[in-house]
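The values are calculated or read from the model by the stated rules, or taken from the named source; none is laboratory data. Small disclaimer: the values here were computed from a predicted structure and weren't measured. Glycine gets a Cβ as well: all are built from the backbone with ideal geometry, and neighbour counts include every protein chain shown. Heads up: the accessible areas ignore ligands, DNA and RNA and are worked out on the full protein's heavy atoms, side chains in. Shrake-Rupley method; radii C 1.70, N 1.55, O 1.52, S 1.80 Å.
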Protein chains: 2
Amino acid sequence: MTPASGSALGEGAEFDRIREIVKLLGNRAGSIGDDCVVVPDGSGTLVLSSDLSVERIHFRTDWLTWREIGWRATAGALSDLAAAGAAATGVLVSLGSPPEAPGESAVEVMGGVGDAIAAVGGVVLGGDLSRATEWVINVTVAGRAARPMMRSGAHPGDQLWVSGQLGGARAALSSWLAGVEPSAGARQAFTHPLPRIALGRRLAAGGATAMIDLSDGLGGDAGHLAAASGCRLEVDLASLPVHAEVAAQAEREGIAPPIFAGQGGEDYELLAALPPSFSDQAAGRLAQDTGVALTRIGRVVAGHGVSFRLHGEEVPLRGYDHFA
Amino acid sequence: MTPASGSALGEGAEFDRIREIVKLLGNRAGSIGDDCVVVPDGSGTLVLSSDLSVERIHFRTDWLTWREIGWRATAGALSDLAAAGAAATGVLVSLGSPPEAPGESAVEVMGGVGDAIAAVGGVVLGGDLSRATEWVINVTVAGRAARPMMRSGAHPGDQLWVSGQLGGARAALSSWLAGVEPSAGARQAFTHPLPRIALGRRLAAGGATAMIDLSDGLGGDAGHLAAASGCRLEVDLASLPVHAEVAAQAEREGIAPPIFAGQGGEDYELLAALPPSFSDQAAGRLAQDTGVALTRIGRVVAGHGVSFRLHGEEVPLRGYDHFA
């Protein structure tokens, strides 16, 4: 094996598996083989994040293909880099797979990982394989940002913007839980979230004061941004960009679509606070350049907590909590 | 909450858990709260590694305390940094815990993580919590090295050195598997491996050409170093530094102690190739400064594979393979 396709490894079934993965990844892999990976110094500050996905908590193997499981776990982790306004360097992936899983499944999951990291210009830096009772995937993302964004910089007077459309992943999840195959659009939202790396960098450069990605849903993550920034957020739910697949599912469940979308987790869109100088024109240009819609949904005021209003009424919006 | 004890978080059971952990960690935690952590630029090259520990594969909750589970998972990951000759910056920890686990268990595991990273001068940078059927802990370590060591630099003519004593962890494991509580010494070797960070840095500075940590056992890891370096290793098993607790257990199993020790995994000692100019006197000084013994166990020659000899006889030595 050449250094480009990973250091030579010793014998053993685990290392055969690693060789298969390195072969599949091709130029989407860094120099895999050593226990450690070495990241050359670059410009900007290093940004790291780790995300754990567990079978039956975060995904089900009868809903998703192996490739989709790998893509989704990786895209979810990359979404944290997007919220930091960082460019992606690469990922380290730890994969625990059950002994009864098909032989090719771990390799296919890593193929999905490779697709997702390649889509944002990074590589698979390394990882670890283990046996486990259920599938577990931990993705650690590494990137760089000139000025890393946090949740904590929003000021009264800032306006709140959200990327893309919300609620699509929940629409798929609700369908599956009701025993119905989701529509193609909802399924796509759940299985192939697109990490907003390019958009996050542009928002950071455009003066964003705080950002967070919507993994726990707007109902949860808006609260985190408010708490970290020491401000109050006022969100107008009527202005929420609701995913096209939400209406039918929300009606089935008797929930107003913006509430369904605002309580849905794992859309991996960005919530950003930007000063009022960030205009509708600037948002339009940014949307055109990145292909991602940007919608103004509220504002930052003095105080604490989050107020969600729908047609003048205060609405309590829950977040998604894995321990709930 | 002050920035030093983590960004303010929103409401929810998961975030209450995180608050408890941040409180317990005290000054062993970085600024936890955002999804990403920011690592300031420093001197040297960034080194990263990820290690997944799974209940019943890597540890059992009836053998170890929660603190020991956290220490061991972290020390195992830090051992990869030691083999790279890197200093430790910090760790990101993803923890999946079963719903029926005692309320304090996740916090206690993170206490063990904090103890291990503090012992080598780093901090807990961040992490992720999830529910899971069985305990899973993924530890990603980040560090810096002036000249990161790999497995791949050994040359014919180099000599092979090993740190500490081998086989102690296997002695404990064998006892537990036989239904017997291990001796205090063997138990200590299994539950509290000491990451050889200081020693690894000194060996790198002292001219080491290749290093690897013994997680899969000498029988497995020597093969990796040989394969990556494109050389053959000749190991004299009679010179192996065998842990004091090995003799009794090896005798019970009818295995020669050096073979028992050489096939034992998870000692987390270092195997290093060093040029012949690295003298016994240099090794003695290094051992005195770091408090860790260094033993010469063989040499690097042209060819491939590993030859293990015991009193003149060639002995096939297996490694430890989680997929076997």
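Some observations on this one:
- So A:Ala75, is it open to solvent by 10 Å² or more (accessible area, probe 1.4 Å) and more than 9 Å from chain B (Cβ to nearest Cβ): no
- For region B:220-241, the candidate set comprises residues that are open to solvent by 50 Å² or more (accessible area, probe 1.4 Å) and either in contact with a Lys or Arg (Cβ under 7 Å, 6 or more places away or on another chain) or outside any loop (DSSP other than H, G, I, E, B) (or both); within that set, the residue that is farthest from the other protein chains (Cβ to nearest Cβ) is B:Ala238.
- Evaluating A:Arg252 against the criteria (1) touching a strand residue (DSSP E or B) at 6+ places or on another chain (Cβ under 7 Å); (2) of a type outside the set (Asp, Glu); (3) within 21 Å of A:Arg187 (Cβ to Cβ); (4) outside any loop (DSSP other than H, G, I, E, B) leaves one unmet condition, (1).
- Of all residues in region A:150-159, those being surrounded by fewer than 22 Cβ atoms within 10 Å (Cβ to Cβ) and either of a type in the set (A, V, I, L, M, F, W, C) or away from chain B (no Cβ under 14 Å) (or both) number 4.
- Figure legend. Inter-residue proximity from region A:130-159: first residues within 16 Å of B:Ser50 (Cβ to Cβ), second residues open to solvent by 10 Å² or more (accessible area, probe 1.4 Å) and of a type in the set (D, E, K, R), beta-carbon distance below 6 Å, spacing 6+ or different chains. Indicated pairs: A:Val139/A:Asp51.
- Of all the residues in region B:291-309, those that are among the hydroxyl-bearing types (Ser, Thr, Tyr) and closer than 13 Å to B:Trp161 by Cβ number 1.
- Among residues of region B:44-62 that are farther than 20 Å from A:Ser49 by Cβ, those with a beta-carbon under 8 Å from a residue that is open to solvent by 30 Å² or more (accessible area, probe 1.4 Å) and part of a strand (DSSP E or B) at least six positions away or on a different chain give the pairs B:Gly44/B:Arg144; B:Thr45/A:Val38; B:Thr45/B:Arg144; B:Val54/A:Arg131; B:Ile57/A:Arg131.
- Between A:Gly312, A:Gly305, the distinction of being more than 14 Å from chain B (Cβ to nearest Cβ) and either open to solvent by 10 Å² or more (accessible area, probe 1.4 Å) or over 26 Å from A:Leu81 (Cα atoms) (or both) belongs to A:Gly312 only.
- Of the criteria (1) at the interface with chain A (Cβ under 7 Å from one of its Cβ atoms); (2) closer than 27 Å to A:Glu55 by Cβ; (3) open to solvent by 10 Å² or more (accessible area, probe 1.4 Å); (4) outside any loop (DSSP other than H, G, I, E, B), which one B:Glu68 fails: (1)
- None of A:Asp80, A:Asp128, A:Asp51 is of a type in the set (Asp, Glu), within 13 Å of chain B (Cβ to nearest Cβ) and more than 27 Å from A:Gly217 (Cβ to Cβ) except A:Asp128.
- Number of the condition not met by B:Gly96 [criteria: (1) part of a loop (DSSP other than H, G, I, E, B); (2) facing chain A (nearest Cβ under 9 Å)]: (1)
- Every listed requirement among (1) buried (at least 24 other Cβ atoms within 10 Å of the Cβ); (2) away from chain B (no Cβ under 14 Å); (3) among the aliphatic types (A, V, I, L, M) is met by A:Ala244 save one, (1).
Conditions (1) over 18 Å from B:Leu317 (Cα atoms); (2) of a type in the set (A, V, I, L, M); (3) free of Cβ contacts under 8 Å to residues at least 24 places away in the same chain, marked per residue:
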{"position": "B:Pro241", "(1), (2), (3)": "no, no, no"}
{"position": "B:Ala244", "(1), (2), (3)": "yes, yes, no"}
{"position": "B:Pro257", "(1), (2), (3)": "no, no, no"}
{"position": "B:Gly264", "(1), (2), (3)": "no, no, no"}
{"position": "B:Gly291", "(1), (2), (3)": "yes, no, yes"}
{"position": "B:His304", "(1), (2), (3)": "no, no, no"}
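- Where B:Ala146 falls short, out of the listed (1) more than 14 Å from chain A (Cβ to nearest Cβ); (2) at pLDDT below 95: (1)
- Filter result for the condition that a residue is touching a residue at least 40 places away in the same chain (Cβ under 8 Å), open to solvent by less than 10 Å² (accessible area, probe 1.4 Å) and within 12 Å of chain A (Cβ to nearest Cβ), over B:Val91, B:Val113: B:Val91
- Matching residues, region A:201-219, being within 11 Å of chain B (Cβ to nearest Cβ) and either farther than 12 Å from A:Glu269 by Cα or in a helix (DSSP H, G or I) (or both): A:Ala210, A:Gly219
- Candidates B:Arg170, B:Arg131, B:Arg147 - the one that is open to solvent by 10 Å² or more (accessible area, probe 1.4 Å) and closer than 22 Å to B:Ser229 by Cα: B:Arg147
- Among the candidates A:Val141, A:Val162, the residue that is away from every other protein chain (no Cβ under 14 Å) and among the β-branched types (Val, Ile, Thr) is uniquely A:Val162.
- Counting the residues of region B:1-46 that are modelled with pLDDT of 70 or more, under 23 Å from A:Gly90 (Cα atoms) and open to solvent by less than 20 Å² (accessible area, probe 1.4 Å) gives 5.
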